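One structure is given here, and the rest of the page talks about it.
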Amino acid sequence: MRPIGLNLLRSRKMGTQEMIVFLIFVALFAGFSVFLPGFLNANNIALLLQAVSVLGILSVAMGVIVIGGAIDLSIVALMAMSVAWTLQLINGGMPVPAALAIGLASVALVGLINGFLVAYVEIPPLFSTLATAGCIYGFGRFVLISQDTVYLPTNLGVIEELGKGRVFGVPMPVIVFAVIAAVVGLLLKYTKFGRFTYAAGDNRAAARITGVPVRPLIVAQFVLSAFIAFIAGLVQATAINSMNTRITDSLLVYEIILVVVLGGIGLSGGKGGIRNVVVGTLLIGTFLNGMTIMDIQFTTQNAIKGLILLTAIVIDQIVNPRDEQTSQQGDI
Amino acid sequence: MTPLLEFREVTKEYHGVPAVQDVSLSITEGEVHALLGENGAGKSTLTKMAAGVVPITRGKILLAGEELSFSSPADALRKGIAMVFQETSLVPSLTVAQNLYLGDEKAFNRLRPLYIAAQQFLQSLNFPVDPTANVASLGAAQRQMVEIARAVRKNARIIIFDEPTATLTPEEKQHFFELIERLKERGCSVIFISHALEEALAISDRITILRDGKLVITDETGKFDRDSIISAMVGRDLSGELYGGEDGKRRVRPYGKRVLSVQNVSMGRMVRNTSFAAYAGQVTGIFGLIGSGRTETAKIVSGVIKRNFFHGGVTRLGSKSVRYRTPAPSVRDGIAYVTEDRKVEGIFETMSVAESIEIGKLASPSDKSVILRGSEARDLAEHWTKSLNIRAISSDVPVIELSGGNQQKVVIAKALVQDPQLIIFDEPTRGVDVGAIAEIHAVINRLADQGLAVVMISSYLPEILNMSDRILVARKGRIVEEFSGDEATEENIMYAAVH
């Protein structure tokens with residue numbers, strides 16, 4: 001028998017977990033506002049929103065992959081290297097549209113390779129994307145990009161607004177996050193692609209037998225998430241005027257997984273939605289920002305993040321068990 | 001005298017649905033007790049509770065008057081209750097002796113003494129098994145002997161067999177019966193679950209019949225005969241409908257156009273050079289024992305697995321030669337495969353009835369939509385729940401919360417919504433409650449009457465006999481015999497399947 005509380009959490013559509021996470025966010029935000037001087041001022045909120053937006057955009061990409069039953073550890077490497085290369089090409093004199101086209105083509109290629117490895121070669125995504133992450137960073141630093149940090153060129157024009165602009169006072173990164181979340185949310189909910197993604201993530205064998213083209217579907221998911229990662233990279237670079245390829249070595253990818261899992265998209269696939277990503281992003285963004293303001297040491301922060309991720313994954317394993325043997329209608 | 005094992009008002013519920021309800025039963029020392037009942041009657045669940053495989057919801061199980069509470073099969077084994085499963089729980093890559101002593105190895109584990117001990121032990125049981133042979137190389141009967149030997153070695157006082165004879169040849173069965181006699185002489189109690197009524201009548205001391213999770217009757221074997229068992233198993237009103245095929249009154253549908261023809265198809269070691277055909281407007285039944293390659297053949301036809309690249313044979317759909325590598329193109333060509341294992345390959349755990357059926361619709365060739373409308377899924381669900389009589393509170397209920405029979409109907413709806421020309425049912429009534437069996441059979445008949453080519457794989461003889469217009473018998477990876485529905489008898493089908 002499962003504890004009753006967990007059964008509650010397992011209720012339909014993950015509504016309860018979403019609610020709990022949202023309430024924790026509200027409590028945390030209120031707590032920080034009251035007790036942390038410097039949290040609730042315009043500057044910090046703007047910083048928080050910008051940081052949260054990039055995290056959120058990447059989490060939307062990761063969300064699609066996780067709902068489809070896989071995981072992508074190469075997403076941060078892909079974001080950093082593709083955008084850094086694009087910026088370097090522009091710095092080297094290439095016209096902006098051409099450089100962007102090359103950047104997009106390169107992420108599409110990486111998405112295809114990731115998808116191919118997972119869907120056709122059938123390597124567990126945990127390993128294949130870990131390996132491709134290493135390849136992307138190594139190849140990029142060795143062949144394409146000469147320095148760790150690539151600075152923003154001056155002739156970007158409108159693109160620069162992605163990170164710096166404001167519409168009616170709302171920072172542009174937030175709007176980009178909102179738009180991407182909305183588009184992907186609709187895609188998941190109201191299109192064949194979305195329904196198939198849930199079906200294949202839930203039960204790949206059943207989806208396959210029903211006639212869902214599972215392999216092309218997985219490739220499409222990886223390509224989509226690669227495009228979203230590229231956009232996230234542009235937002236990040238234009239907001240802080242550079243792209244530091246060292247971000248690949250940071251814990252960002254774990255923060256993304258944390259957002260996805262904590263928000264309520266089970267790692268077992270087929271569960272949750274974009275709303276979960278948004279809620280998770282708000283909570284983790286606020287939490288990370290609060291820790292920075294409290295001036296907690298970087299290493300301590302990492303330890304705390306790691307601990308929370310571990311806890312979240314353990315809870316996820318209990319709430320969304322991969323092996324449903326025990327909780328299913330048994331063979332009677 | 002206190003019984004060796006006693007169930008006291010034992011109940012097991014899955015998601016609030018009782019699989020076993022208030023069953024009280026006692027097993028005395030040294031008796032052979034047969035548990036009979038339809039698929040889904042609760043036989044396996046009942047014995048699994050005694051063997052510690054599944055926990056009890058309510059009630060008590062007593063072993064020699066002492067209440068049992070254990071959480072694992074290993075725990076049960078230590079107390080002297082062993083269960084021998086249909087799918088054996090041996091490690092195929094280890095030798096017989098290693099399997100026998102699995103879990104009891106010394107820290108420094110030399111093989112030679114192990115083999116000598118195993119040899120002596122197997123001889124004492126009179127089992128002709130080579131202790132140095134790899135388990136993977138053994139036949140079904142010998143594997144079973146190893147399992148039994150293992151149970152005996154652990155001093156099991158009660159050994160539970162789940163469908164022990166399903167995979168055995170007649171000769172092997174004879175060995176098995178002798179073995180049970182020998183266990184009895186040693187003072188072991190034996191509980192065995194079976195579908196084969198004759199066996200139960202021949203070797204058991206007492207028989208218990210379960211229906212829908214409830215105990216119907218327990219009595220001395222001598223007081224039963226075949227007919228009384230059947231009527232107790234299915235309930236009087238259903239017996240005629242389900243098992244009425246014996247008097248040969250059923251009509252056989254005429255051949256339609258040839259929809260599927262399979263010629264010399266091979267796949268690995270499971271399917272060897274098999275050939276058969278299926279016709280529109282007929283139910284083609286395929287019977288075979290486990291390991292006869294029926295499921296694999298069906299999966300090749302529907303593209304779930306690939307046939308051999310070289311000398312793989314030819315599959316024709318109508319007049320078109322096809323070779324599918326994935327199921328998607330076969331679905332597009334109008335082939336639907338309803339799996340035998342709906343948990344693994346059939347249902348979507350997180351989805352509702354409506355969403356599941358919608359997935360089938362979206363994957364079908366006729367569906368051109370890109371953007372979905374919610375009302376469409378609801379209409380579909382409404383139509384199919386009515387047409388297949390799916391009993392769910394609403395179509396928004398998760399499929400996982402339905403009973404086995406209703407889950408199966410959802411899986412069937414998911415296939416039918418694709419409007420196939422050929423539909424393959426693989427064990428359509430496995431794990432399905434009695435009432436739903438008749439309904440699913442009615443659906444299959446209706447489909448054939450509507451002109452679909454229906455292939456039905458089943459290892460249950462009455463089902464095959466009662467449903468099929470043509471009966472194909474598979475053995476060792478190929479179709480070896482064909483009968484017309486009105487000339488086949490249990491005896492000649494079984495004869496073809498085992499010899």
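We did not get these values from a lab; they are worked out from the coordinates using the rules stated. Being a predicted model, the structure only gives us computed values, none of them experimental. All Cβ positions, even for glycine, are placed from backbone atoms using ideal geometry, and neighbour counts span all protein chains on display.
Some values worked out for this structure:
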| quantity | calculated |
| --- | --- |
| Nitroxide proxy distance, nm - points 7 Å out along Cα→Cβ at A:T292 and B:S26 | 7.4 |
| Calculated FRET value between A:L104 and B:E13, using beta carbons and R₀ = 41 Å, to 0.05 | 0.15 |
| The range B:258-498: C-alpha pair distances exceeding 24 Å, % | 44 |
| Within the range B:42-140, chymotrypsin sites (Phe, Trp or Tyr not before Pro) in DSSP loop having at most 13 other beta-carbon neighbours inside 10 Å | B:F108 |
| Within straight-line cross-link reach of B:K214, aspartates and glutamates at Cα separation under 19 Å, skipping those fewer than 8 residues along the same chain | A:D331, B:E6, B:E9, B:E13, B:D22, B:E38, B:D162, B:D237, B:D433 |
| Length-normalised contact order for the range B:258-498 - Cα pairs under 8 Å, 6+ apart - percent | 30 |
| For the range A:69-142 and the range B:147-194, distance of Cα centres in Å | 60 |
| Choice from A:T245, A:T154, A:T281 with maximal GNM fluctuation in chain A (Cα, 10 Å cutoff) | A:T154 |
| Pairs of Cα atoms farther than 31 Å apart, chain B, % | 50 |
| Contact order relative to length of chain B, as percent, for alpha carbon pairs under 8 angstrom and 6 or more apart | 16 |
| Estimated 222 nm signal from helices in chain B, with DSSP H stretches of n ≥ 4 weighted -39500 (n - 2.57), rounded to 500 | -10500 deg cm²/dmol |
| Relative contact order computed over the range B:322-459 (Cα-Cα under 8 Å; 6+ residues apart), in percent | 32 |
| Largest-first principal axis extents of the Cα set of the range B:5-234 (Å) | 52, 37, 29 |
| Two-site FRET efficiency, A:L130 against A:A303, from Cβ-Cβ distance with R₀ of 25 Å, rounded to 0.05 | 0.70 |
| The range B:5-234: antiparallel DSSP beta bridges as a percent of all, rounded to 5 | 55 |
| Simple spin-label estimate for B:R316 and A:S33 in nanometres, 7 Å along Cα-Cβ | 7.6 |
| Principal semi-axes in Å for chain A [√(5λ), Cα gyration tensor, largest first] | 32, 26, 17 |
| Where trypsin sites (Lys or Arg not before Pro) fall in DSSP loop in the range B:99-173, at most 12 other Cβ within 10 Å | B:K106, B:R110 |
| Difference of contour (0.36 nm per residue) and Cα-Cα distance, A:S146 to A:L23 | 39.7 nm |
| Net charge, B:T2 excluded, C-beta distance under 10 Å - Lys, Arg +1, Asp, Glu -1 | -3 |
| Separation of alpha-carbon centers, the range B:437-460 and the range B:310-337, rounded to whole Å | 21 |
| Loop-located chymotrypsin sites (Phe, Trp or Tyr not before Pro) in the range A:89-160 whose Cβ has at most 13 other Cβ within 10 Å (DSSP) | A:Y120 |
| Net dipole in debye of chain A [+1 Lys, Arg Cβ; -1 Asp, Glu Cβ; about Cα centre; nearest 20] | 640 |
| Cα→Cβ-extended label distance, 7 Å offset, between B:R272 and B:R446, nm | 4.2 |
| Among A:M291, A:M81, A:M243: highest mean-square fluctuation, GNM of chain A, C-alpha pairs under 10 Å | A:M291 |
